[in-house]
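I have placed the structure first, in the form of structure tokens, so that the comments after it can refer back to it.
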Amino acid sequence: MEAHKHSSASFTILRPKRLSDNAEPVSRLSHVPITSPGSVIPTEDHSVRARGTLLSCGESGNVLTATRAGVISRVNKLVMVMPLRSRYIPETGDVVVGRVVEIANKRYKMDVNATKHAFLLLTAINLPGGVHRRRNQEDELNMRQYFKEGDLVSAEVQERRKDGSVALHTRSLRYGKLSAGQLVTVQSELVKRAKKHFHELPCGVHTILGNNGFIFLSQTRKGAISLEMRRRIARVANSILALDSEFIAIGPDTIMDVYQTSLANGVEVKDMCTPDVVKSICVGARSMREAA
């Protein structure tokens, strides 16, 4: 794989590279870390191999090679290769958007785009009015008054347990039931972990960038949604889908770059998902950021 990285960290474009006998592996640790099976992974001293890697003998000693195509991930000294397309792997503190799929045993089962459903305990939600008290049997009987099957909920990953199960919580006022908006699903690898995942875009659209690849769009103000606001939300949604199809990192800056480029070129909302238009507006957005 070959990677093109813009000078701005917020705008990263990843492109597939044709493999050949003369192809050289990525050799710079500062480069976007894409690798293919059999490629040598550049390492630092005392690196520890993990999944997706293999320690083999080379001309200059032991070298670390990739066993699958993907993104090189480094956590301290740990080196691993994550597949380009995979299910979301939750980490404690992640902001996620999930859908309630089942209610039972004092918990809500949530689809968060992971290999297993996450769970949200009744004790891990805020009661109406922010009341702090022990949950009782009446609360258990009234669980569907808080969330019901099919509801979208923003939450935070509280814990990832040894058996692979994931516990969520919504104890902050910024988390809870989502309504009057649009859900956009993208590859979770494109939504980077950041200090802030709730954004109000300059166009008036509120976005929740879930680390699990679920992005929720709504208007910033409560009340009836006007036709113009619906158009803005739809344009933001198509901007996000364009970034996803071009495998570009998704953040508030890149979303607005594509959004503004589509407006400047007079692209209708309904035409933004056409393959030729997608490439055009993404290239234009990149040029706009280079000129800024």
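Each reported figure results from applying straightforward, stated rules to the coordinates on display, with no laboratory input. The shown structure was predicted, so the numbers you read here are calculated from the model rather than taken from an experiment. Here Cβ is always computed from backbone atoms with ideal geometry, including for glycine, and neighbour counts include all displayed protein chains.
General observations
- The order of 255, 225, 103, going from fewest to most other C-beta atoms within 10 Å of their C-beta, is 225, 103, 255.
- Estimated distance in nm for a label pair at residue 102 and residue 264, the labels positioned 7 Å out from Cα along Cα-to-Cβ: 5.0
- Ascending count of other beta-carbon atoms within 10 Å, so fewest first, for 47, 56: 56, 47
- Taking a point 7 Å from the Cα of residue 134 along the Cα-to-Cβ direction, the residues of segment 82-111 with backbone N closer than 19 Å to it are 106-107.
- Segment residue 165-residue 271, extension gain: residue separation times 0.36 nm, minus the distance between their alpha carbons: 34.1 nm
- Here the Karplus relation 6.51 cos²θ - 1.76 cosθ + 1.60, evaluated at θ = phi - 60°, turns the backbone of segment 277-287 into coupling constants of 5, 4, 5, 5, 6, 5, 5, x, 5, 5, 5 Hz, with x for every Gly and Pro.
- Cβ crowding within 10 Å averaged over residues, with 174-180, 207-213, 226-232 ranked highest first: 207-213, 174-180, 226-232
- Bridgeable aspartates and glutamates around residue 77 (alpha carbons under 16 Å apart, same-chain partners fewer than 8 residues away excluded): 44, 45.
- Here, P(r) means the percent of Cα pairs in each 10 Å bin from 0 to the largest distance; for segment 180-292 it is 15, 49, 32, 4.
- Full-stretch length increase - residue 192, residue 46 - with 0.36 nm per residue and alpha-carbon distance subtracted: 49.9 nm
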